[in-house]
Amino acid sequence: MPRSLLTMTIRQAHDIFVVRQRGREVAAALGLEEQDQIRIATALSEVARQMLAAVGGAEVSFQAVGRHAPQSLQVDVVSPVPLTQADLTRGDPLPVGRLVDTLSVSHADAVTVVTMSRRLPPSAARLTPERLDALRAELAATSPGSPLDELAAQNQQLIAALDEVRSQRDELARLNAELQETNRGVLALYGQLSEELEETNRGVVALYAELDEKSAQLRGANEAKTRFLANASHELRAPVTAIIGLARLLADASSDPLTAEQLRQVELIRGSATDLLGLVNDLLDLAKAESGRIEPSWEDVDLCAVFGQLRGTLRALASRPQFELVVEEPEPPALIRSDEVLLSRVLRNLLHNGLKFTERGEVRMRARLDDGRWELSVSDTGVGIPPELHERIFEEFYQVPSATPVPGAGTGTGLGLPYARRLVTLLGGSLTVSSEPGRGSTFTVRLPVRGGP
Ligand code: ADP
């Protein structure tokens with residue numbers, strides 16, 4: 001509900017100064033800060049000036065407006081005769097509107113009212129109706145100062161405003177300089193980062209080139225090793241075979257008789273040469289497999305036949321008490337497209353290992369179809385392999401130090417498993433192990449039902 005605080009009549013130029021001064025006083029009394037006091041006073045005096053020039057006078061009223069407590073200061077400037085917008089502004093659309101929150105012109109009952117308002121700060125909530133009444137009485141009692149006083153006050157305000165503008169300009173200049181400085185810094189940083197990135201990129205490219213070169217060298221070295229192994233073992237085979245033959249001749253009953261000691265030594269030579277020949281043969285096989293010189297010959301293989309043959313040849317090696325070799329009959333038709341010779345070699349190797357490292361219990365081989373692949377497993381109840389060595393046993397020459405073969409099974413070369421894995425890979429499959437020390441091991445060969453090209 002609006003509460004009138006003061007009304008004034010404007011009849012002459014002098015009144016313009018008065019209305020400006022009173023406007024400031026009312027605004028100050030309602031708690032508006034100095035800048036806002038000047039704004040509303042300036043807007044008011046400008047509208048009053050225009051109205052005085054257009055129609056020779058105006059009525060001004062100040063009101064505190066708000067639902068409960070005052071929320072804004074509203075000033076009505078009323079012209080006694082109707083005015084057109086052009087009269088009021090002379091073509092200029094009331095630029096003073098920028099100085100207040102709202103400014104509107106309304107026409108009613110043959111009068112024109114220009115209404116402007118400015119929102120009051122929250123502190124205005126403390127202005128009770130009684131305080132407003134007191135304020136109205138106060139304003140009525142005080143007499144306005146002379147135009148000279150108002151001019152002096154206006155000058156003071158102008159100086160303060162100019163000072164403010166200057167300090168803002170200085171601040172702006174300082175901020176601009178700072179911004180320029182920051183920009184230069186950012187640009188320099190950007191340049192530095194780009195250079196660093198370029199440098200890093202060059203490094204990475206060089207590193208890749210080096211890496212390529214190193215892997216080419218590594219490939220070359222690996223090929224050289226394979227060639228060397230193949231040549232060396234090939235060259236060694238003939239003399240070692242000759243040594244075995246000669247030792248056999250020396251020990252033969254039809255040769256000159258030897259003393260018991262000589263016979264023992266010749267047997268030692270023959271045993272060592274036989275071990276050496278085994279090693280040379282294994283090396284040659286592995287080198288051949290690695291160099292890609294083994295070409296599987298693909299054909300339909302009957303797993304029942306392969307299993308039967310292995311059962312027959314290895315049974316002799318399993319004639320120990322408390323031990324059994326079980327080769328389960330695959331469920332016919334057990335056909336696989338593979339290389340029979342290579343596949344038999346792999347399985348024989350795994351069975352041999354099982355026999356070699358299992359004192360009691362059994363070694364069992366079985367075949368089953370699993371999701372379109374043949375799963376051929378050889379499991380035993382032997383010494384087992386510690387989990388951390390499950391991959392190492394597929395490295396060339398690696399033998400588990402704690403695993404001693406059962407007596408009479410020979411020492412082995414440590415080349416059987418790497419060779420077997422290489423062959424299985426050639427056949428398009430995989431060879432894995434699961435094992436637990438003391439409980440036994442299971443080696444599993446997984447092969448596609450239809451391998452080959
Ligand atoms: P070799 O049997 O000639 O020593 P392998 O490459 O066939 O060489 O095997 C490597 C090592 O893996 C063996 O020396 C042995 O320590 C371990 N091993 C292989 N098969 C078994 C098995 N069935 N049970 C326990 N250990 C095994």
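Assorted remarks:
- Accessible area of THR9 (1.4 Å probe, protein heavy atoms only, ligands and nucleic acids ignored): about 60 Å².
- For LYS288, a cut-off of 16 angstrom between C-alpha atoms picks up these lysines, skipping any fewer than 8 places away in its own chain: LYS225.
- For region 47-60, 3J(HN,Hα) computed residue by residue from phi via the Karplus equation (6.51, -1.76, 1.60; θ = phi - 60°) reads 5, 5, 4, 5, 5, 4, 5, 7, 10, x, x, 6, 10, 10 Hz, glycine and proline entered as x.
- When HIS234, HIS390 are compared by accessible surface with a 1.4 Å probe, the order from highest to lowest is HIS234, HIS390.
- Accessible surface of the chain [probe 1.4 Å, protein heavy atoms]: carbon and sulfur percent: 55 percent
- Phi to ³J(HN,Hα) by Karplus 6.51 cos²θ - 1.76 cosθ + 1.60 over region 261-271, Hz, x for Gly, Pro: 5, 4, 4, 4, 5, 4, 4, 4, 4, 5, x
- Coordinate range of the alpha-carbon atoms in the chain per principal axis, descending: 159, 50, 41 Å.
- Under the combined filter of DSSP loop state and at most 15 neighbouring Cβ atoms within 10 Å, region 3-79 retains these trypsin sites (Lys or Arg not before Pro): ARG11, ARG67.
- Measuring nothing but how far apart in sequence close Cα pairs (under 8 Å, 6+ apart) lie, relative to its length, region 299-448 scores a relative contact order of 24 percent.
- Selection of GluC sites (Glu not before Pro), region 1-91, meeting DSSP coil and at most 16 other Cβ within 10 Å: GLU33
- Shape summary: region 4-145 maps onto an equivalent ellipsoid whose semi-axes, from the alpha-carbon gyration tensor, are 25, 16, 14 Å in decreasing order.
- Axis angle, to the nearest 10 degrees, between helix 129-141 and the longest C-alpha principal axis of the chain: 40 degrees.
- Radius, Kirkwood style, for region 6-56 when every pair of distinct Cα atoms is counted (Å): 11.0 Å
- Across SER344, SER291, the residue with the most accessible area heads the list, and the full order at a 1.4 Å probe is SER291, SER344.
- Put a dot 7 Å past the Cα of LEU246, heading toward its Cβ, do the same for GLN35, and the two dots end up 11.4 nm apart.
- In this simple spin-label model, placing a label point 7 Å from the Cα along the Cα-to-Cβ direction at both ASP163 and SER254 gives a separation of 13.6 nm.
- The phi-based Karplus calculation (6.51 cos²θ - 1.76 cosθ + 1.60; θ = phi - 60°) puts the 3J(HN,Hα) values of region 170-177 at 4, 4, 4, 4, 4, 4, 4, 4 Hz, whole numbers, x for Gly and Pro.
The values are calculated or read from the model by the stated rules, or taken from the named source; none is laboratory data. No experiment lies behind these values; they were computed from the predicted model shown. Quick reminder, even Gly has a Cβ in these numbers, built from the backbone with ideal geometry, and neighbours come from all protein chains shown. Accessible surface is based on the protein model in full, side chains and every heavy atom, while ligands, DNA and RNA are left aside. Shrake-Rupley method; radii C 1.70, N 1.55, O 1.52, S 1.80 Å.
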